[in-house]
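No value in this document is a laboratory result; all are computed from the given coordinates. Bear in mind the structure is a predicted one, so any value in this text is a computation, not a measurement. All Cβ positions, glycine included, derive from the backbone under ideal geometry; neighbour counts span all protein chains shown.
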Amino acid sequence: MISPALEFDLRSSIRTIPDYPKPGIMFRDITTLLGDARAFRRAVDELVQPWAGSKIDKVAGIEARGFIIGGAVAHQVSAGFVPIRKKGKLPHTTVRIAYSLEYGIDEMEMHADAVAKGERVILVDDLIATGGTAEGAVKLLRQIGAEVVAACFIIDLPELGGADKLRKLDVPVRTLIGFEGH
Ligand code: AMP
């Protein structure tokens, strides 16, 4: 999907912190990628490369790292940006959905008027693991009539099946780097 050289560069720019936030988790820290001007630019360019030239109305980013990447992607494709946030953070009228986490459920929200019916939206986050968060975001966007054109993530943890879960919902998925395990 991306060239081996670019894949190597991006992978090297991500810091892995074992056993954070709890034992057994390999935390993929993208702050090092964001701090590397070249890696950040190339990741943003590559994420939306398949949709370069298509009409994208909005980029929706998932709190919080999806805001940073999604904002840059929105600028890149000349689209508006829509934040999808944890419940209780947005000031105006919202739509809300419950989604599953590894242990339990949580809720996410977006402003009800953030996307007009039929608008073409790309969903962005830093990483997809089980896909519970992204699946919730896709359903929330569809609930208000968005056309979800694609979901883009810098990192995939394929063993956890999140990208496949989204593809089963008929959402094209773009990821740049895969890591083994959790
Ligand atoms: P999931 O809903 O299981 O796909 O989890 C995705 C969300 O959890 C994303 O917003 C990620 O930022 C975060 N996340 C899950 N696993 C990791 C990990 N190993 N390293 C860093 N972030 C993670």
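Treating only the Cβ of Lys, Arg, Asp and Glu as charged (+1, +1, -1, -1), what charge dipole size does region 1-138 show about its Cα centre? Round to the nearest 20 debye. The partial results should precede the final answer.
Values: 17 positive and 18 negative charges, 47 e Å.
For region 1-138, the charge dipole is close to 220 debye.
Report, ordered by chain and residue number, the aspartates and glutamates lying within cross-link reach of residue 58, taken as a straight Cα distance under 18 Å and ignoring same-chain residues fewer than 8 apart.
45, 46, 109, 113, 119, 125, 126, 135, 147
At 222 nm, what helix-only mean residue ellipticity would the chain give, in deg cm²/dmol to the nearest 500, using -39500 (n - 2.57) for each DSSP H run of four or more? Numbers along the way, then the final one.
On the way: 6 runs with 55 residues, N = 182.
Using -39500 (n - 2.57) per qualifying helix, the result is -8500 deg cm²/dmol.
Where does the Debye-calculated log10 I(q)/I(0) of the chain sit at q = 0.11, 0.13, 0.16, 0.17 Å⁻¹, using only Cα point scatterers of equal weight, no solvent?
The Cα Debye sum returns log10 ratios of -0.44, -0.62, -0.97, -1.10.
Here is the link list: 86/168; 86/139; 86/117. Which ones come out longer than 20 Å on Cα distance? If you can, show how the numbers build up before the last one.
On the way: 86/168 25 Å; 86/139 15 Å; 86/117 23 Å.
From the list (86/168; 86/139; 86/117), the Cα-Cα distance tops 20 Å for 86/168; 86/117.
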